[in-house]
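Novice: Shown below is the structure under consideration.
The values are calculated or read from the model by the stated rules, or taken from the named source; none is laboratory data. Predicted, not measured: the structure shown is a model, and the values here were computed from it. Neighbour counts are summed over all protein chains in view; Cβ atoms, including those assigned to glycine, are modelled from backbone coordinates with ideal geometry.
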Amino acid sequence: MQPKLTAKALCADKEVGKISKVIVDPLSHEISHVIVREMNGQGVERQVPIGQVQEVVSEEEIVLRCSREEFGRFPVLERDQYVTVKEVEIAHLEDHLHVEPGEILVPLPRLEQGVPRRTFFTNMTHAIGTLIALPLAFPVLKYLMKPMFKPYDNAWFSVGNVKKVSKENIGFQFKFTRGFKEAFMPEQQIEKNIWVVKATPAVQKAVYEGNDRKFFDDKGEVIWVNKANSPYIGYSGKCPHLGCGYKWRKTKNFPEGVFLCPCHLSIYDEAGKVIDGPAPRPLDVLPMQVDAGGEVKIIDVEYKAGVNKQIRLL
């Protein structure tokens with residue numbers, strides 16, 4: 001039985017408020033907290049861990065384990081640190097929860113918590129609008145900016161030392177800056193990143209399926225081969241769904257960690273395989289080599305987002 005969002009919350013048989021919202025873990029799809037608005041609907045909203053719910057008496061009433069004094073010490077809900085399920089896509093959530101739409105909150109991922117919610121979603125809308133408009137403008141841009149169309153950049157460059165990746169099957173992020181020149185515009189410095197995993201044989205097999213991975217230039221010739229038994233695997237820092245950045249995150253269901261994308265909550269394991277969410281393919285493996293001194297070198301390959309197959313971009 002699940003209480004209604006207007007159910008009374010009692011402590012020691014005395015009503016302290018009413019449930020106004022619930023917070024859901026985006027990975028387990030389970031309720032982690034109930035939000036109780038203090039008496040008369042005029043007070044603050046307090047964040048109560050689900051473990052403090054002693055009993056669900058009915059759809060109209062729940063009993064908390066705490067006293068009224070202890071209830072007053074629960075943290076006040078910081079609304080800007082959460083988004084509703086109307087603002088993100090969480091696959092299969094409706095299979096687990098049946099509460100009023102729009103009142104389910106999920107934590108705003110840590111990599112976006114410093115960004116105001118309005119700014120975060122405004123920027124996302126602008127980015128999507130740009131992607132939609134790009135095919136229409138492409139023929140004109142190609143004519144005006146013909147000098148920018150060059151063969152693939154297959155140069156190797158260093159991103160850091162593999163000594164930083166000490167534990168197996170744990171994602172480690174390398175950040176780097178690259179110069180980018182667009183037609184007649186001045187060169188710009190762009191911040192990018194990749195994720196590297198020190199892979200066990202089981203993860204190597206899951207990624208490469210026992211076969212070396214070949215990478216090709218624009219003429220179809222092999223430029224590099226990742227060996228199937230290589231202990232280190234590098235992934236592009238862009239989610240294959242819409243190109244967002246993602247993070248390595250430990251959770252209750254995945255204590256060792258998973259890759260989690262904040263935009264639409266695609267989830268990947270250490271082998272880059274899709275566990276849940278709308279991502280159309282696994283994380284993109286990069287051409288990578290590690291020299292005798294442990295320096296990690298990559299070719300900065302990018303693939304088209306939102307499609308099942310890997311389509312390399314210029």
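Novice: So Ile50 fits all but one of (1) surrounded by 16 or more Cβ atoms within 10 Å (Cβ to Cβ); (2) closer than 26 Å to Val258 by Cα; what number is the exception?
Specialist: Tallying (1) surrounded by 16 or more Cβ atoms within 10 Å (Cβ to Cβ); (2) closer than 26 Å to Val258 by Cα, Ile50 fails exactly one: (1).
Novice: Report yes if Val16 is surrounded by fewer than 18 Cβ atoms within 10 Å (Cβ to Cβ), among the β-branched types (Val, Ile, Thr), in a strand (DSSP E or B) and modelled with pLDDT of 80 or more, otherwise no.
Specialist: Here the answer is no, as Val16 does not meet what is asked.
Novice: Continuing with the same structure: Would you pick out the residues in region 193-230 that are touching a Lys or Arg at 6+ places or on another chain (Cβ under 6 Å) and in contact (Cβ under 8 Å) with a residue 12 or more places away in the chain? Explain how you work it out, then say what you get.
Specialist: Pass one, region 193-230, residues touching a Lys or Arg at 6+ places or on another chain (Cβ under 6 Å): 193, 212, 222, 225-226.
Passing the criteria: Asn193, Asp212, Val225, Asn226.
Novice: Quick one: which of Val222, Val203 is modelled with pLDDT under 95, of a type in the set (Val, Ile, Thr) and over 21 Å from Asn308 (Cα atoms)?
Specialist: Exactly one of Val222, Val203 is modelled with pLDDT under 95, of a type in the set (Val, Ile, Thr) and over 21 Å from Asn308 (Cα atoms), namely Val222.
Novice: Same structure again: If Leu313 passes every condition in (1) within 30 Å of Ser32 (Cβ to Cβ); (2) at pLDDT below 90 but one, which one does it miss?
Specialist: In the conditions (1) within 30 Å of Ser32 (Cβ to Cβ); (2) at pLDDT below 90, Leu313 misses (1) alone.
Novice: Of the residues that sit in region 285-310 and are more than 17 Å from Ala199 (Cβ to Cβ), aliphatic (A, V, I, L, M) and crowded, with 17+ Cβ neighbours inside 10 Å, which one is nearest to the chain's Cα centre (by Cα)? First the steps, then the outcome.
Specialist: The first filter runs over region 285-310 and keeps only residues more than 17 Å from Ala199 (Cβ to Cβ), leaving 291-293, 295, 297, 299-310.
Among the residues that remain, those that are also aliphatic (A, V, I, L, M) are: 292, 299, 301, 305, 307.
Narrowing the set further to residues that are crowded, with 17+ Cβ neighbours inside 10 Å leaves 299, 301, 305.
Working: Ile299: 23, Val301: 20, Ala305: 15 Å.
My answer is Ala305.
Novice: Next up: Ile275 is checked against (1) hydrophobic (A, V, I, L, M, F, W, C); (2) under 18 Å from the mean Cα position of the chain (by Cα); (3) within 22 Å of Phe174 (Cβ to Cβ) and fails just one. What number does that condition carry?
Specialist: (3)
Novice: Do you know which residues across region 190-217 are assigned to a strand (DSSP E or B) and among the acidic types (Asp, Glu)? Explain how you work it out, then say what you get.
Specialist: Filtering region 190-217 down to residues assigned to a strand (DSSP E or B) leaves 190-198, 213-216.
Correct list: Glu191 only.
Novice: Here's something else I'd like to know. Select, from Pro255, Pro240, Pro262, the only residue that is in contact with a helix residue (DSSP H, G or I) (Cβ under 6 Å, 6 or more places away or on another chain) and either under 30 Å from Tyr82 (Cα atoms) or crowded, with 19+ Cβ neighbours inside 10 Å (or both). Working first, answer last.
Specialist: On the way: Pro255 fails: in contact with a helix residue (DSSP H, G or I) (Cβ under 6 Å, 6 or more places away or on another chain); Pro240 fails: in contact with a helix residue (DSSP H, G or I) (Cβ under 6 Å, 6 or more places away or on another chain).
Checking each option against the conditions leaves just Pro262.
Novice: Still on this structure: Counting only residues that are crowded, with 18+ Cβ neighbours inside 10 Å and in a loop (DSSP other than H, G, I, E, B), how many does region 218-229 have? Working first, answer last.
Specialist: Here is the first cut: in region 218-229, the residues crowded, with 18+ Cβ neighbours inside 10 Å are 224, 226.
Next, only the ones that are in a loop (DSSP other than H, G, I, E, B) stay: none.
Summing the residues that are crowded, with 18+ Cβ neighbours inside 10 Å and in a loop (DSSP other than H, G, I, E, B) in region 218-229 gives 0.
Novice: Only residues that are under 28 Å from Ser158 (Cβ atoms), in a strand (DSSP E or B) and of a type outside the set (Phe, Trp, Tyr): list them for region 243-296, please.
Specialist: Across region 243-296, the qualifying residues are Gly245, Lys247, Arg249, Val258, Leu260, Val285, Met288, Gln289, Val290, Glu295, Val296.
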